[in-house]
Structure formats: C-alpha cells, structure tokens
1. Using Cα positions and a limit of under 24 Å, work out the lysines in reach of K135, with same-chain residues fewer than 8 apart set aside.
2. Sorted from fewest to most neighbouring beta carbons within 10 Å, what does the list I421, I453 look like?
3. Summing Lys, Arg as +1 and Asp, Glu as -1, what charge do residues with Cβ under 14 Å from the Cβ of R132 carry, R132 excluded?
4. Please report Rg over Rh for segment 363-430, where both radii come from the alpha carbon positions and Rh follows the Kirkwood definition.
5. Any aspartates and glutamates with Cα under 15 Å of the K469 Cα? List them, leaving off those in the same chain fewer than 8 positions away.
6. Take the Cα pairs of segment 371-488, get the Kirkwood Rh, then feed it into Stokes-Einstein at 25 °C and 0.890 mPa s and tell me D in µm²/s.
7. At a 10 Å Cβ-Cβ cut-off, how would you order K305, K250, fewest neighbours first?
8. Could you tell me how far the Cα centroid of segment 446-488 sits from the Cα centroid of segment 132-146, in Å?
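Read the figures in this text as sums done on the coordinates, not as results from a lab. Quick caveat: nothing in here was measured; it's all calculated off a predicted structure. Neighbour counts are summed over all protein chains in view; Cβ atoms, including those assigned to glycine, are modelled from backbone coordinates with ideal geometry.
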Amino acid sequence: MVAPSFFALALAGLFGLGTGALAALGAALLALVLASAALWRRFRRQAQQRLPPAAHEAPGATRPAAPESEGQRRHRAEAQEARERASALAEERTERSAAAARSLDAAQRARLEAEARALKASEEEAKRLAYRAEKAAEQETRARRATEEAEAIGLRAQAAEQMRAEVARTARDEAQARLQRVEAEAGQTLAAGLERTRSQGFVARLNAILGTGRTVDAAVLAELEEALFTADIGVQTAAKLVETAREQAKRSELADASRVKSLIEAEVARILDLPAPRSLEGGGPPHVVMVVGVNGAGKTTTIGKLAARLTKQGKRVVLAAGDTFRAAAAEQLDIWAERAGAQLVKGAEDSDPGAVVYEAVKQAVASGADVVLADTAGRLHTTAPLMEELQKIRRVLGKALPGAPHEVLLILDATVGQNAIAQAKRFQEAVGVTSIVLTKLDGTAKGGVIIGIADALKLPVSWVGIGEKVADLRPFAAAEFVKALFAS
Ligand SMILES: Nc1nc2c(ncn2[C@@H]2O[C@H](COP(=O)(O)OP(=O)(O)O)[C@@H](O)[C@H]2O)c(=O)[nH]1
Ligand SMILES: [Mg+2]
C-alpha cells in the first residue's frame, strides 16, 4: 500500500497535479484497498465452507447418503411413467369432452362422452399406479435409512467399546508398571543398613574393647563402662550391660573378651525380644492403624511403604491424611497412595484432622477395605495441644469404628539418638503406643537407641527403616537384628 501511494505522489509531482486532484487519487486508492480486503474475506469464507468434515467426528455422523438402490430407481421410474400416462390421458379426455360439447349429433356426443369417461377411469388408474409406485419407493428409502442408522449405531457402539477396552488396557498396564517399580526397588540388606552403627557406633566401641583377645580385667571393664554410657543406649541399659560383663569377669578369673562380648550380645537380644503384637492385621476389618511421631520422624514415608507392602499382598488400603497442619503432607501422602494403589481420604488444608480420619474409617468400612493407615501431625510435640489433638483423634477413631485404633505405631527417628527415648515416653503416656517403628537406621551410628527404648519402656519394635525404598522398611525380628548388628 505504501508503494502505490509513493507512486501516486511521484506521478502527481511529475505532472504537476493540484492538491485537490491528489486527494481524489488517494480516496480512489483507499477504496481499491477496502474492496480487495472484502473480496479476500469472502474468498476465505467460501474456501472454509468447502473444507471436508473434521476427521474426529463420530463414525456415521458425516457419512454421505448412499446412492439410490435398484428397487428405489425402478419404483421412481414407474411412478414417473404412470404420472406421464395420467397427464396424457387427461389431455385426451379434455379433448373428447370438448368435442362432445361441440358435437350437434346426439349419438356422436353420447359416444364421445362415454369415451371421455373411460379415459377418466384410465387416468385415475394411472394416478393410483403413480401413487403406489411412489409409496413403494418411499418405503424402500425409509427401510434403507433405518438400516443405515442401525449400522451407524453399531459403528458408534463398536468405537465406544474399543475406547473402553483401550482405557482398561492402559489402567492394567499402569498397575503392572507400578507393581514392577515397587518390586524393582529391592532395598539393602539389614547388615548394610546397620553399617554405620556397627562401624562407628556402640558396636564399634564394643569391638574395639572386646574384640582384641584381651583378658577382661578391671581396666577393660572401666573402658567398657565408659563406652556404653556414652553410647546411645541409655544409662539404665548401659549399666545393665556393664553388670553382665562384670558378673562374667567375677565368675572366671581370666574372663575371655570374646565370651563377654557374646554375653552382651545375648543380653541385647533378650532386651529386644519383647512380645510384639501382630502389626497391620488382627483388628476390624478394617484394621485401623494410628501413626504418631514428631515432625520429620518418617510417619508419612512409613505409611507409604506399609501401604505399598499391603497392596502388594492384595490388601485394600485406605490412607487418612490426618496431618492437616502442613499443606505438603497430604500431597506427599497422595503420591504414596497413587504409587501403592491405595485410596486416599483427605480434607482441606487446616481442616479438622478428626473429621478426616473419621471419614476415612467410614469409607473403609463401606468399601470393605482391609487396613486404614491414619497419618497425624507431629508439630509442637512438646506442648500440650498436640498431645490433646492426638488423644482426640484416637477417640474419634473409636467412634468411627468401635475398637479402633487397633494399633498405634510410634515412628522414631534413630538419628536423634537418646532423644528418641524421651519422645517415646511422652507419646506412650498420651496415646498408648502399641509398637515402634525406628526409621533412618541407615543414616546413623546411633542405632543402639533401639536397645534403650526396648529396655526402658518395654515397647516392642515392629518395623525398622533402613532406607528410602519400600523394601527398606523391614519387619523387626530381634534375633536377626542382633545378628546383623554384631556381625563382624
Ligand atoms: N534414609 C532414610 N530416610 C528416611 C527413612 N524414613 C523416612 N526417611 C526420610 O525422612 C524424611 C521425613 O519423612 P516424613 O515421612 O516426611 O516424616 P513425617 O514428618 O514424620 O511424616 C523424608 O525425607 C524421608 O524420605 C529411612 O528409613 N531412611
Ligand atoms: Mg508427614
């Protein structure tokens, strides 16, 4: 558009046109531009109307009508022929009637009139024939349309069926992949998970003192006492173990260090071997588990691991997102639920955790689930309100299902060492813990704390966490644990 304007200006300059003529030229150019824009729009509209129908439309919806069948064509031709005959007969009849009217001879008039009547009858007959042929053609059209419609419905049903099969196949594949993912996560061995406690913690010190083939004399006993008291097993327990060693030293003049070591090992095994209730089964159904512990101890992770374990066994699991203080907590649980194939019940952020766990138990009862795992908040554990909150949740669970919770799992982070013993005391007093899950044993040398907890609180350990994978949550067995811990 710029180029023609320049061109016009140049022309005007060249021929010395006046400003009036220049304005007229500009207006003409503008009109030309507007007209071509309108033409272009019309062309585009027409082109769009000519576009073929979209490919995603339902099958049958855009199918063109099928060409006429042989029968339809024959009936239409018959009708046409009969109509033409009728009109020829009508013409002829009109002529006869006119001739009859003109005739002066009575006999001739009577004959002509009779002929006109006969023609009328034939004409009527031809019209009836035309009508019947048309009707037959029409019926055939309707029948064909019905067949086509039925075919289209069939096609649509077939497409819907294919879609359903595809969705089911995808869901099955996803479930399979999820299972394989969970199975692929083999986890580490117990001994490897306890490596740091064994090589840097109290076992290492024990080995340093008793593993050298020394005779256990007063000096060795003093060393042992110091090592055990500064370990993470708690004062009471340390004293008990030192006493075991001293007894042995007293009994034989030349107490063998390895003998003392195995005595201590046996004593640890005895302390840890508490009668533990069966975990994750026995109550309900559904068996309701309330999971408690301070923030970051590993509650949500442990719930996820337990859920994955249970669903793998074919159990149906409901997770209750009872930690409503942290927005991310429900999300974290959501991911685990998805991964494990468990059902998640959650509320809005800051909603009443009691309401969430109540709803979860009710849904689990209604759907016939096997286990409910209820997550709880762990913040402000040193102030009364959290403990009161947990007591309330406990009561609410009992209201939702008499006898629930059937299990209260206390999650303790092994890395906090002796602090875990104090935590266990508080939770035990407030909500009555049935057993302990000791997490993060893999990341700490303070694994000895498990002995202190079992000894001081007589609380059994049901599970231990030795890593982030599903398989890294192990059912606790005292003998196996002690063997892995003291293995050299
Ligand atoms: N290494 C290791 N990390 C763990 C274990 N259990 C939990 N964790 C991690 O500890 C952190 C806190 O866990 P979370 O479940 O969110 O704690 P919650 O606040 O008690 O729910 C997460 O990063 C977990 O992955 C374990 O046995 N070993
Ligand atoms: Mg959590």
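1. List returned: K120, K127.
2. So the residues, fewest neighbours to most, are I421, I453.
3. Values: positive: R74, R76, R83, R85, K127, R128, K135; negative: E78, E81, E124, E125, E134, E138, E140.
Result for the neighbourhood of R132: 0.
4. Numbers: Rg = 14.0 Å, Rh = 13.6 Å.
A ratio of 1.03.
5. E183, E185, D442
6. 161
7. By the 10 Å Cβ count, ascending, the order reads K250, K305.
8. Centre-to-centre distance over Cα atoms comes out at 85 Å.
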